[in-house]
1. Quick one: in the range 61-71, which of the residues that are more than 7 Å from the ligand (Cβ to nearest atom) and crowded, with 17+ Cβ neighbours inside 10 Å is farthest from residue 335 (Cα to Cα)?
2. Looking only at strands (runs of 3 or more DSSP E) that lie completely in the range 231-320, which have at least 2 residues being in the same structural domain as residue 347 (by TED's automatic domain parsing)?
3. State all residues of the range 73-104 that are part of a helix (DSSP H, G or I) and touching a strand residue (DSSP E or B) at 6+ places or on another chain (Cβ under 9 Å); if no residue qualifies, say none.
4. Search the range 168-189 for residues being surrounded by 19 or more Cβ atoms within 10 Å (Cβ to Cβ) and modelled with pLDDT of 65 or more, and hand back the single one that is farthest from the chain's Cα centre (by Cα).
5. Got a number for residues in the range 13-60 being part of a strand (DSSP E or B), away from the ligand (no atom under 11 Å from the Cβ) and buried (at least 21 other Cβ atoms within 10 Å of the Cβ)?
6. Could you go through the range 386-399 and let me know if any residue there is surrounded by fewer than 19 Cβ atoms within 10 Å (Cβ to Cβ), part of a loop (DSSP other than H, G, I, E, B) and either out of contact with any strand residue (DSSP E or B) (no Cβ under 7 Å at 6 or more places or on another chain) or at positive phi (or both).
7. Could you please let me know if residue 235 is in contact with a helix residue (DSSP H, G or I) (Cβ under 9 Å, 6 or more places away or on another chain) and touching a residue at least 40 places away in the same chain (Cβ under 8 Å)?
Ligand SMILES: Cc1cc2nc3c(=O)[nH]c(=O)nc-3n(C[C@H](O)[C@H](O)[C@H](O)COP(=O)(O)OP(=O)(O)OC[C@H]3O[C@@H](n4cnc5c(N)ncnc54)[C@H](O)[C@@H]3O)c2cc1C
């Protein structure tokens, strides 16, 4: 058994994604002894950048944006000299035509045709009138979208795309999630923006420009790793297997590397591992109803297929959204439009995202099949010719998105209530809290968890803080 540090100023951090690394960075700078445990051979989790034969790409283009000045400064200070400004230009493929995304009314009006456009507006007005009399809150994504955008917009855009992303019917996706995710965005605001270019500072979904590390989003995690390593350690290639506790305190975790197992102890623990995994790793095990609640929370997985092309550039877009059912991937991006340095001179790549459930036909398909299918569809869309393809790569990303099925909040609350008893365990992060966190939220939750370790009094009496962290503390 390995004792970490002689005093109590030490923390073990489970998971080396942005959340765990941000926590480790803050604690290291405050003189804490820190050990970050990461199962992957590199840090960064979902926001790492893959480097492959001279090409670099994120697991789905990652844009950093925040309305929180503290988090903005955190990243600016960390990334001095590495950030470039990228203009956002995105398209969406609807009914075999590319539209600007977010939709611009004039463009949509002619694209959809006069009749459909009038139906969109009529539906929207109808729902607004209905809303005056019917105050019942929406339960599912379907209810929410119809209430806010009208039935026609739901059928044309939201239904197909959401069902492709989530893999379940819109009536089973919780409105709780969508309310947070599309926070502040309504048809009225979208229309106003298109005509009057109103300020979009507070609508993250519509932001026109953003900062991006020249060598890919993974550089943020790499920088955090470098800073932590100045005085502490990040153990990559190390898997957390079990979490031992007694008297409402975590005593140690069992970790493994190929052919070797060890126990790591510490005074405080921060976990950004999937909430459902943490529950299953506890020894002694939680009661059956808690294990059952954990087994009912699901994640959506992702398969990324990258196609390298022997040409300088294929598109001029940041993201291209593809709701169409007959095309198997849902989104693509071209990393060289984010930074020239993402590919060797004169070459580029297209990165496609297939939303999937581990074990389904997409997940189980061979790399060769996935590449063949991707190239065929990219040819059909007019982006490339097969003979231009100079390399390819397939990356399977488990647990990319928490799946917000109706009722998920109740299950999460049961798990939070159970985990609250562990005074020295702090739960943070996207999969950790089972929340739709972007990178700024992940960083925020890591910082807040570190502050809880350092004994900073939280603004709230609740154990789940504003930053979305479950803080372990006495009382
Ligand atoms: C396709 C896609 C596109 C996105 N685009 C954007 C974007 O444009 N802008 C934005 O702000 N955000 C974006 N996000 C969200 C962003 O990626 C996340 O918010 C952020 O990376 C979450 O960080 P995290 O540390 O909380 O979680 P994770 O990155 O999931 O980190 C958890 C870490 O724990 C490790 N781990 C798991 N199990 C174990 C174990 N048993 N032992 C040891 N280690 C373990 C994992 O390997 C991982 O490194 C996107 C996400 C996806 C999936």
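The values are calculated or read from the model by the stated rules, or taken from the named source; none is laboratory data. Predicted model, so just to flag it, every value in this text is computed and none were measured. Backbone-built Cβ (ideal geometry, glycine too); neighbour counts: all protein chains shown.
1. That would be 71.
2. In the range 231-320, the matching strands (runs of 3 or more DSSP E) lie at 299-309.
3. Just the residues of the range 73-104 that are part of a helix (DSSP H, G or I), to begin with: 73-78.
Within the range 73-104, 75, 76 qualify.
4. Filtering the range 168-189 for residues that are surrounded by 19 or more Cβ atoms within 10 Å (Cβ to Cβ) and modelled with pLDDT of 65 or more, the one farthest from the chain's Cα centre (by Cα) comes out as 170.
5. Matching residues across the range 13-60 total 6.
6. No, the conditions are met nowhere in the range 386-399.
7. Values: in contact with a helix residue (DSSP H, G or I) (Cβ under 9 Å, 6 or more places away or on another chain): no; touching a residue at least 40 places away in the same chain (Cβ under 8 Å): yes.
The answer is no for residue 235.
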